[in-house]
Amino acid sequence: MKFELPQLQYGYDALEPYLDAGTMEIHYGKHHQAYVNNLNAALEKYPQLPDMPIEKLLQSLDALPEDIQTAVRNHGGGHFNHSFFWTCMRSPKDGGGGEPQGKIADAINASFGDFVKFKDMFSKAAAGVFGSGWAWVINDNGKLSIVTTPNQESPISKNQKPILVIDVWEHAYYLNYQNRRPDFIAAWWHVVDWTAAEKNL
Ligand code: MN
């Protein structure tokens, strides 16, 4: 089975002015596509491997042939993480951003105190990722918690259930924000899809 880029549910310019169209086009069309291509290239070495969804592959890294484990961790993780990231965002003209409502708001309040505290903790975690990586909200046995992963490692590999993610690799923001990662994180809150986060609960 060949993995493919998932369809984006919005146009490259849908997240403007917070995430610019140029960054989206390169991030999705070049960076994410490269993870997909490199993952497929690694798996092509072992056509006898059973077809597995990406989640299952990332949960079975140790069982894969040794010479493709790193490629699947990096490029398979890159494919899963980006696929998930795109679904966590929505145009601010179409309900993106603002404050969470309903069940996702209840879960955030129960786990972190209130939305303001959560937003601050998550922003600090994302800003504090050293080098390239991701900040996640995961569902940890019914309680939400914040974790970060380096490079393209994914909480899926530890059987953790992701709820929300932000990509803090420089390629996610460099064109528009240069080295100002905290400005990118502040802008990203305007495009969070709380409806998607609630579905992930
Ligand atoms: Mn990325």
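Numbers below:
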quantity	calculated
Test: residue in segment 19-42 that is within 18 Å of ALA187 (Cβ to Cβ), away from the ligand (no atom under 15 Å from the Cβ) and not β-branched (Val, Ile, Thr)	yes
Members of segment 70-89 that are buried (at least 16 other Cβ atoms within 10 Å of the Cβ) and more than 16 Å from the ligand (Cβ to nearest atom)	ALA71, VAL72
Selected residue (only one of GLN48, GLN59, GLN9 is surrounded by fewer than 15 Cβ atoms within 10 Å (Cβ to Cβ) and either closer than 30 Å to ASN176 by Cβ or touching a residue at least 40 places away in the same chain (Cβ under 8 Å) (or both))	GLN9
Residue match in segment 113-135 (condition: within 16 Å of the ligand (Cβ to nearest atom), crowded, with 21+ Cβ neighbours inside 10 Å and within 19 Å of PRO17 (Cα to Cα))	no
Qualifying position, being without any contact (Cβ under 8 Å) to a residue 40 or more places away in the chain and in contact with a helix residue (DSSP H, G or I) (Cβ under 8 Å, 6 or more places away or on another chain), among SER154, SER132, SER123	SER132
Every residue from segment 24-36 that is out of contact with any His (no Cβ under 8 Å at 6 or more places or on another chain) and either of a type outside the set (A, V, I, L, M, F, W, C) or at pLDDT below 95 (or both)	GLU25, GLY29, LYS30, GLN33
Matching residues, segment 138-161, being in contact with a Ser or Thr (Cβ under 8 Å, 6 or more places away or on another chain) and not charged (D, E, K, R)	ILE138, LEU144, SER145, PRO150, ASN151, PRO155
Within segment 139-172, considering residues that are under 25 Å from ALA71 (Cβ atoms) and among the aliphatic types (A, V, I, L, M), the one surrounded by the fewest Cβ atoms within 10 Å (Cβ to Cβ)	VAL147
Residue list for segment 142-181, filter: assigned to a strand (DSSP E or B) and within 12 Å of the ligand (Cβ to nearest atom)	VAL165, ILE166, ASP167
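The values are calculated or read from the model by the stated rules, or taken from the named source; none is laboratory data. Here the structure is a predicted model, which is why all the values come from computation and not from measurement. Here the Cβ is made from the backbone with ideal geometry for all residues, glycine too, and neighbour counts use every protein chain on show.
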